[in-house]
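As structure tokens, the structure follows; a few thoughts come after it.
What follows is calculated from the coordinates using simple rules that are stated; it is not laboratory data. This structure is a prediction, so every number in the text was calculated from the model and none was measured. When we count neighbours, we look across all protein chains shown, and the Cβ atoms used for this are built from the backbone with ideal geometry, even at glycine.
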Amino acid sequence: MKIINVLSAITLALAFFMISLVGYWKLHPYKLVEFQNAPFPILNENKIVKNGDRMRYKIDYCKFTKESPRVVKYFVDGVIYEINTVDGILEEGCHQTEMDVYVPKAIPTGVYSVKIVATFKPNPIREIKVVTQTLKFTVIK
């Protein structure tokens, strides 16, 4: 009878620990990255990019984790064109850097911005999405 009481106490303590851990993982307000200059400025001359060229933009950020997010980029002009999915390459700490995106030859001409969705996974059960974008730019033939 005494063993059953000890096992019951251990089971309850373990269950309380697991519920507390899951609650912490789900509710903790993680501080992963902050962008000082969002929406990001375009560095191409006159904010004009030709099909097949690269659109360059500047990021000023502070990243508070060593974890690399999965980054998906989209061209947005009313219609959303997914560009690619890559692992994030921003270093931990506060930095300024220039990034670029290839503008496909098949994308229609028009005025676009690039939507950037970084998905962090700070623990086994939670994903946090950080969404930013660039300023508008013009794509020409």
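Observations
- Built amide H within the under 5 Å cut-off of residue 133, gap 5+: 40, 116
- Beta bridges per DSSP with both ends in the chain, % antiparallel, nearest 5: 90
- Rounded to the nearest Hz, the phi-derived 3J(HN,Hα) couplings of region 126-141 under the Karplus curve 6.51 cos²θ - 1.76 cosθ + 1.60 (θ = phi - 60°) are 10, 10, 10, 9, 10, 10, 9, 7, 8, 5, 6, 9, 10, 9, 10, 6, where x marks glycine and proline.
- Computed P(r) (all Cα pairs; region 53-117; 10 Å bins; percent): 18, 49, 26, 7
- Chain lengthening between residue 136 and residue 48 when straightened (0.36 nm per residue, less Cα-Cα): 30.7 nm
- P(r) tail for region 5-59: Cα pairs beyond 17 Å make up 67% of the total.
- Residues of type lysines that residue 121 reaches as a straight line, Cα spacing below 30 Å, ignoring anything fewer than 8 places off in the same chain: 26, 31, 58, 63, 66, 73, 129, 136
- 12 Å beta-carbon shell around residue 110, net charge (K/R +1, D/E -1): +1
- Selection from 11, 137, 79 lying farthest towards where the dipole of the chain points positive, charges on Cβ: 11
- Helix-only CD estimate at 222 nm, as mean residue ellipticity for the chain, using -39500 (n - 2.57) per DSSP H run (n ≥ 4): -6500 deg cm²/dmol
- Cα-derived Rg to Rh of region 11-141, Kirkwood definition: 1.12
- Distance between the modelled labels on residue 2 and residue 92, one decimal in nanometres: 4.9 nm (7 Å Cα→Cβ projection).
- In the chain, the sites counted are chymotrypsin sites (Phe, Trp or Tyr not before Pro) in DSSP loop states with at most 14 other Cβ atoms within 10 Å, and the longest stretch holding none of them, exclusive of the sites, is 65-141.
- Size of charge dipole - the chain - debye, nearest 20, with Cβ of Lys, Arg +1 and Asp, Glu -1, no other charges: 280
- Using θ = phi - 60° in the Karplus curve 6.51 cos²θ - 1.76 cosθ + 1.60, the 3J(HN,Hα) couplings for region 54-68 round to 10, 8, 9, 9, 10, 10, 10, 9, 10, 10, 9, 9, 7, 5, 9 Hz; x is entered for Gly and Pro.
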